[in-house]
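Chemist: Quick one: the structure is below, and I'll ask about it shortly.
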Amino acid sequence: MPKRRKKMVAKNNVSPLLSRGMRVRDAAKYLGIPENSLNQLRSTGGGPLYMKIGRRILYDVHDLDAWIKAKKFKSTADYAS
């Protein structure tokens, strides 16, 4: 019987692979938005920070979390500020 691999988890409970960067598809799933929406946000601005390495677009999970946190509002009056 083959040995089972242990899941690698970093100190902050984030997979070491995720700490290197998520591809667009995985980042969109993580954010709960369509992949096309994330692509459009990257093109027009207003989306999370990203890295471009060669042709590959990568998102750091910490940048995705920061972007989500910046989207929190107490009321609709907060949108203007």
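Values quoted throughout were computed directly from the atomic coordinates according to the rules given, and no laboratory measurement underlies them. The structure displayed is predicted, hence computed values, not measured ones. Neighbour counts run over all protein chains shown; Cβ positions are idealised from the backbone, glycine included.
Chemist: What is the fewest-to-most order of 58, 64 by other Cβ atoms lying within 10 Å of their Cβ? If you can, show how the numbers build up before the last one.
Modeler: Working: 58 16, 64 22.
Final ranking by Cβ density, sparse to dense: 58, 64.
Chemist: Subtracting the Cα-Cα distance from 0.36 nm times the residue separation, let me have the gained length for residue 33 to residue 76 in nm, one decimal.
Modeler: Working: separation 43, 0.36 × 43 = 15.48 nm, distance 2.11 nm.
Gain on stretching residue 33 to residue 76: 13.4 nm.
Chemist: All other residues with a Cβ under 12 Å from the Cβ of residue 41 taken together, and with Lys, Arg as +1 and Asp, Glu as -1, what is their net charge?
Modeler: Values: positive: 42, 71; negative: 35.
Computed value for this residue: +1.
Chemist: At 37 °C and a viscosity of 0.692 mPa s, what translational diffusion coefficient does Stokes-Einstein give for the range 16-71, taking Rh as the Kirkwood radius over Cα pairs? Give it in µm²/s as a whole number. Kindly include the intermediate steps, with their values, before the conclusion.
Modeler: Details: Rh = 11.2 Å.
D, rounded to a whole number, is 294 µm²/s.
Chemist: So how do 37, 75 line up by other beta-carbon neighbours within 10 Å, fewest first? Kindly include the intermediate steps, with their values, before the conclusion.
Modeler: On the way: 37 12, 75 6.
With the fewest neighbours first, 37, 75 line up as 75, 37.
Chemist: I'd like to know which of 61, 46, 21 lies farthest towards the positive end of the charge dipole of the range 16-71, counting +1 on Cβ of Lys and Arg and -1 on Cβ of Asp and Glu.
Modeler: It is 21.
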